[in-house]
Structures are given as C-alpha cells and as structure tokens.
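Novice: Before anything else, here's the structure in question.
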Amino acid sequence: MAKHLARIHGTEEDKVNCPFYFKIGACRHADRCSRIHHRPAFSPTILIKHIYRHPIREAELKAASEGRSTGDHVDIDEEQAREDFLVFFEDFFEELSKFGRLEALHVCDNLGDHMIGHVYAKFSDEEEAADALNILNGRYYDGRRMEVEFSPVTDFREARCRDFDEDTCRRGGFCNFMHIKPVPMCLIRDMEVDAEEERRREEMERLERERKERRRKERKREGRRDRDRDRDRDRDRDRDRDRDREGRSSRRKGGSDGESRSRSRSRSRSRSDSRRRKSRDRNGSEGGLDV
C-alpha cells in the first residue's frame, strides 16, 4: 500500500494531493481546490508570484482604463516587449545570483490568473534559496511588492508545456502548464560568468575583512598585554621603591636609637664618676677631721 501511494503521489491517480500544484507550484482553483496543496517548508526552488508585467495584460489594463475595447486581439510592440523582458530577466538574475548559484531562472508567459507573471528560481542549495526568500519577500520591484514562497517544483521538465516549446500549444496563454519565456543561451552564459566573478570578488572581500578583523583583535590583545606588562613593571618599581624607603627609615631609626643609647651610657658614666668623686671627697674630709 505504501509503495502504491508513493508511486501515484502527485499524479492524476492521486485523489488526495493536487497534481498541478505538485508539478507547477500553482493551481487554477487556488484554495478552493478539492485536493491538498502541500507547501514545502524547504526547497531549492522559490516562486516570486505575479512580479513580471506581462505586456498583453498591461495593454489590456491600459485600454480598459482609457475606455477602449480590445476585443480578442491586443496590439503590442513586440520589439519593446522583448527588450523590457530581457532587462527584467537580467535584473532578477543579477539580484538572485547574490544569494548563490542559480541552476534555473524561468519567467512564465502564461496569462491565467494563477500563473501570470510568476518567476521561478532554482538554487544549487536549499540554504541559498532560504536566504533569498527571507531577504526578497516583502521588497518592491517596479512598484510591485514581491510575494515569495518555496515551490515544490524541482524538475521543470515535468512543469513546462512541451507543445509551447514546439510552438504548437492550442491553449495559448491560458494553458495550465508553464509557458517559459525563452532567453538566449549566450546571455545566460555571460550572466553566469559575471555572477561567478562577483561571488568570487565578494568572497575575497569577505576573507580580507575577516583577516583585518583578526589583526585588529590581535593588536588589541597585544596592546592589552603591553598595558598589563607596563602595569606590572610599575607595580614592581613602586614595591621596590617602598622597600628601599622602609630600609632607609629603619636604618635611620636604628642610628638614632644607637646615639640615644650612647648618650644614655655617657650620662650614666658621668653620673657614676660624679658620685665616685663626691664619695672620695667625703671620705677625704672625714679623714682630715680625725687627724
């Protein structure tokens, strides 16, 4: 049973999951679809919804605002529309390449409301796609707010209309498979080379900033160590100075005590000599009286 469910997942036989959303990342029934739309939490592919201004839709809106009826045919300047598209493609390729290597960038040429103006970008890594989603979601391009989400589409061979690629699709712009606008391969190759050089330059600048930051931290640590050594040297010098001062004070105190003791001994000897002289004189006087 599990093998059977895995085999039919995302196919017409799957009565639970929507095959169009699984293959294309969009469904004409939107939230009204009777089948489940599993929106991935992570994917290498992001979808920027309704960001490309389709020239036919723009012409229809302009005619409606002017009160003109376009009927079934809308006249547009094909050369100008082509030039505007290539400028749009280059802008998005350059911006998206800042987040990582692009494996595919496709702009839908469909006119159905659920697919018109969609841009699909597949990165080589899911983390790069997540960075692009977090940065771009909510930003504005050409006056339009970008609504970005992860897309379940990882194989565009299953999503694109083969009849459109062969110029035989009878559904026109309202086909439910992707009508991917063609881009000259030479332009894509040139932009890939430029993007690779830009990433290499940014990587070198990042490494240079990291080296400068490491050197700055090392100089800061060396300065701190020098200050600590100077502080220790000053502390040792102050301690030696205090020790010398205490030694001199002790010597001066010791010399004063010696002089005091010498003077005391001298005074004691003087008093002793004085008492002995007085005693001799007294004895001499007494002897004279006896004679």
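The values are calculated or read from the model by the stated rules, or taken from the named source; none is laboratory data. As the structure is a prediction and not an experimental result, all values here were calculated from the model. Counting neighbours? That spans all protein chains shown, and the Cβs are built from the backbone with ideal geometry, glycine included. Ligands, DNA and RNA are stripped out before the accessible areas are found, and what is left, the full protein with its side chains, is counted by its heavy atoms. Shrake-Rupley method; radii C 1.70, N 1.55, O 1.52, S 1.80 Å.
Novice: When you look at E90, is it part of a strand (DSSP E or B), of a type outside the set (V, I, T) and open to solvent by 40 Å² or more (accessible area, probe 1.4 Å), yes or no?
Specialist: no
Novice: All but one of (1) free of Cβ contacts under 8 Å to residues at least 12 places away in the same chain; (2) surrounded by 18 or more Cβ atoms within 10 Å (Cβ to Cβ) hold for G143; state the number of the condition that does not hold.
Specialist: (2)
Novice: Please identify the pairs in which a residue from the stretch 163-190 that is over 24 Å from L47 (Cβ atoms) has its Cβ atom under 8 Å from the Cβ atom of a residue that is open to solvent by less than 80 Å² (accessible area, probe 1.4 Å) and outside any loop (DSSP other than H, G, I, E, B), counting only partners at least 6 apart or on another chain.
Specialist: R170/D163
Novice: Please determine, by comparing only the residues of the stretch 57-69 that are farther than 16 Å from C108 by Cα and surrounded by 14 or more Cβ atoms within 10 Å (Cβ to Cβ), which one is modelled with the lowest pLDDT.
Specialist: A63
Novice: Specify which of the listed residues (R199, R224) is modelled with pLDDT under 90, touching a helix residue (DSSP H, G or I) at 6+ places or on another chain (Cβ under 9 Å) and not hydroxyl-bearing (S, T, Y).
Specialist: Answer to the check: R199.
Novice: Here is a check on your reading of the model: is E103 within 21 Å of D165 (Cβ to Cβ) and exposed (fewer than 15 other Cβ atoms within 10 Å of the Cβ)?
Specialist: yes
Novice: Among the residues of the stretch 1-34, count how many are part of a loop (DSSP other than H, G, I, E, B), open to solvent by less than 60 Å² (accessible area, probe 1.4 Å) and modelled with pLDDT of 85 or more.
Specialist: 5
Novice: Filter the stretch 106-116 down to the residues that are surrounded by 20 or more Cβ atoms within 10 Å (Cβ to Cβ) and either of a type in the set (D, E, K, R) or at positive phi (or both) and list them by number.
Specialist: Scanning the stretch 106-116 gives a single hit, D109.
Novice: Among the candidates R199, R239, which residue alone is among the basic types (K, R), out of contact with any Pro (no Cβ under 8 Å at 6 or more places or on another chain), part of a helix (DSSP H, G or I) and open to solvent by less than 70 Å² (accessible area, probe 1.4 Å)?
Specialist: Exactly one of R199, R239 is among the basic types (K, R), out of contact with any Pro (no Cβ under 8 Å at 6 or more places or on another chain), part of a helix (DSSP H, G or I) and open to solvent by less than 70 Å² (accessible area, probe 1.4 Å), namely R199.
Residue-wise test of (1) in contact with a Phe, Trp or Tyr (Cβ under 9 Å, 6 or more places away or on another chain); (2) not β-branched (V, I, T).
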| residue | (1), (2) |
| --- | --- |
| G100 | yes, yes |
| F123 | yes, yes |
| A129 | yes, yes |
| I135 | yes, no |
| M146 | yes, yes |
| F164 | yes, yes |
| P182 | no, yes |
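Novice: Further question: Among the residues of the stretch 106-153, which ones are among the β-branched types (V, I, T) and within 25 Å of D167 (Cβ to Cβ)?
Specialist: Of everything in the stretch 106-153, those that are among the β-branched types (V, I, T) and within 25 Å of D167 (Cβ to Cβ) turn out to be V107, I116, V119, V153.
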